[in-house]
Structure formats: structure tokens, C-alpha cells
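Undergrad: Have a look at the structure that comes next, please.
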Amino acid sequence: MDEGLLGEEANLKSCMEDWNELNKEFTQLEATHDHYKKTLENLWDAQKKCLSGIAHQRYRTKQISDKMNRLKDTSKPETHEALKQVRLEMLHRKSQFREMEEFLPHKNGIYLSIILGSVSVSLLNKEDKYAYKHNYETFKATVSYFSMALSLILLFVSEYRWLDAVLHFLLVWYYCTLTIRENILMVNGSRIKGWWVTHHFISTVCAALTLIWPDSYTYKSFRGQYSLFSCYLSFLYIVQFFYQKGALYRLRSLGQRHEMDITVEGFMSWMWKGISFLLPLLFAGYFFQLYNAYVLYRLSQDSQCKEWQVLFLAIIHLILSVGNITTTLKVVFDKLKPDISYRRQQLRNKYRFNSNLKKDM
């Protein structure tokens, strides 16, 4: 019994010593947490001051720029030089503002405000931004693999309508999620803009209309073509993903692209080296979509067509196709302009040289 009591006392003493030691650690934890709260409050104050300061700088810069624009032309060269120098400094200052804002919280756009409310989606360090961007790219590639596999199955299995619904629902969910993720990326400095953002909103509507299209004569007539189109589109996205991923990595290493630039479904100016590889594949997909619009329009004129979705889908496929073709052609033509101007200048110089040579002879 005495040995048992001694053992219990030893255990009790050990427990009390452990608890007292833990109390000391907790006191230190409380102090650290208080310091963290004060640091957080100071951080919020600093963020507000920075945002207010940048807004003030932009406002004053605009005022000065307006005054400079109202100045009458003067023949004094020193005045022209001074104004030119100030304008150059203003351009540099604007780029400095953008660099500062990368580490400050941004307001959500209208779309994110409707979906998420006032929840802040700003990522304030480069590691978090890069991780989110990498997750976005992985998400696109993964869904493309699933979409291609499902489309291949649908090409050979036609008796199960629910399989079609799985593919259509996957595409609705994919494009909805993509629009939200892209808007979060744009808040955090990504430069995806213009048609490719609009393209995903329209694609969401297209996939939703296909999902609710009844299993009718028109649906069965178009089903095989749509499955083949979905399969090709997924294949095209995967090919683009791997090509653009490598191109972006190379350009970022050279300091020629922004860290938050992402892969897109279309053709961008920085993909110029892949023109002979990517453009034929892209235009094949765009003209396939144009053919979809034509077939859907013909089906909408069929006497057996009773579904309103057919004509609407024809219009949407036409808009997507024309938008993709015109946007890609614009990028190509804009890129070709400097090359054409350079070649014209070379021809002019060559013509002048030959003319001068003949005169000398």
C-alpha cells in the first residue's frame, strides 16, 4: 500500500509540474497573440494609408496632366522638353502604382460582389498568388481530361440519356467555376481580359441550354456531332495547356511576362512562336463551331423541331465562333503589322540604294 501511495504522489507531482510548465507557455502564447492582434491592426492601418495615398496621388497626377493639356503650344524648346520629361515621369509613376497595388487588397468587381458579397479575395503575398494560379491551371486541365473521356464514351454509347446530362452538367459547373476563379485572379493581378472572359460567360449559357434540351428528334440528330465537337475541344484545351504552360514559364524566366499571366483558350501575342503549330488546330475548332451553328439553324427550320433551345443554341454557337475567329485574327494582324512595316522599309531602302547607284554610274 505504501508503494502504491508513493506512486500516486509521484504521478500527482509530475502532473502539477507539467501543468505549471504549460501555464507558463500559455502566458507566453497570450503575449504573442496580443502582439499579433496589434500587428494586424497596424497592418490594416498601413493598408488604408497606402490605398488612400495612391488614390490621392492619382487624383493629383490627373489634375496636373489636365493643366499640362490646357497649356498653349510654345516655341520654346526648353518648355517642350520639360513637359515631355514630366509626362515620362507620370507614365513611370503609373507603373509604380500598379506595383504597389499588387501587395494591397483590392475591391471585388460587380460579378464577385454579387456572388461572394463583401468577402475579400485579395491574396497579399506572391506564394499564395502563385499557388492559386497553379491550382486554377490544374483545375482546367483536369476537367478537360474528364470532358474528353466522357465525350469519347458518348460517341460509342447512345442509349443512356443520363450520360449526356452528366457531360452537360459538368460543362455548366466548369464554366461557372471558371468565371468565378478568373475574376478572383483578375483581382489579384492577372491580365486576362476582353473576349476570353466574355467567352466563358456565353459558354456557360450554351452548356446550360444543352443540358435542358429535351431528348427529341433534333437532340438525337445533333448529339453525335456535339459529342465529337466536345471531344475535339477538350483535346485542343489540353494541347494548348501544355504548350502555353511551357511558353509562359520561358517568358517569365526572361522577365517578359507577368507572374500572374495564365493560359487561355485562344491565341495571344506571346504565343507567336507557336503560330504554325497552334493556329491550324484553333481555326479547325472555330470553323467546327461555325458548322455547329449552321446545322443547328437548319434543324430549327425543320418541321419536326418543337424546341426553342435549337435556335438559341445556333445563335450562341455563331457568336462564339465569330468572336473566336475575329479575336484571333486581330492578334495575328496586330503582330504582323511591325513585320510588314519593317519589310516595306527594307524595300524602300533597297530601292533608294539602287537608284543612287544608277545615278553614280
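The values are calculated or read from the model by the stated rules, or taken from the named source; none is laboratory data. The structure presented is a predicted model; accordingly, all values stated were derived computationally and were not measured. When we count neighbours, we look across all protein chains shown, and the Cβ atoms used for this are built from the backbone with ideal geometry, even at glycine.
Undergrad: Can you name every residue in the stretch 65-85 that is touching a helix residue (DSSP H, G or I) at 6+ places or on another chain (Cβ under 8 Å) and surrounded by 12 or more Cβ atoms within 10 Å (Cβ to Cβ)?
TA: Of the stretch 65-85, the ones touching a helix residue (DSSP H, G or I) at 6+ places or on another chain (Cβ under 8 Å) are 65, 68, 71, 74, 83.
Once the filter is applied, which keeps residues that are touching a helix residue (DSSP H, G or I) at 6+ places or on another chain (Cβ under 8 Å) and surrounded by 12 or more Cβ atoms within 10 Å (Cβ to Cβ), the stretch 65-85 yields 65, 68, 83.
Undergrad: Now for a different question. Of the numbered conditions (1) touching a Lys or Arg at 6+ places or on another chain (Cβ under 7 Å); (2) modelled with pLDDT of 85 or more, residue 272 satisfies every one except a single condition; which is it?
TA: For residue 272, the failing item is (2).
Undergrad: Another one. Would you confirm, using the coordinates I've provided, whether residue 111 is part of a helix (DSSP H, G or I), loosely packed, with under 14 Cβ neighbours inside 10 Å and either in contact (Cβ under 8 Å) with a residue 60 or more places away in the chain or not assigned by TED's automatic domain parsing to the domain that holds residue 179 (or both)? Reasoning before the result, please.
TA: Values: part of a helix (DSSP H, G or I): yes; loosely packed, with under 14 Cβ neighbours inside 10 Å: no; either in contact (Cβ under 8 Å) with a residue 60 or more places away in the chain or not assigned by TED's automatic domain parsing to the domain that holds residue 179 (or both): yes.
Against the criterion (part of a helix (DSSP H, G or I), loosely packed, with under 14 Cβ neighbours inside 10 Å and either in contact (Cβ under 8 Å) with a residue 60 or more places away in the chain or not assigned by TED's automatic domain parsing to the domain that holds residue 179 (or both)), residue 111 does not qualify.
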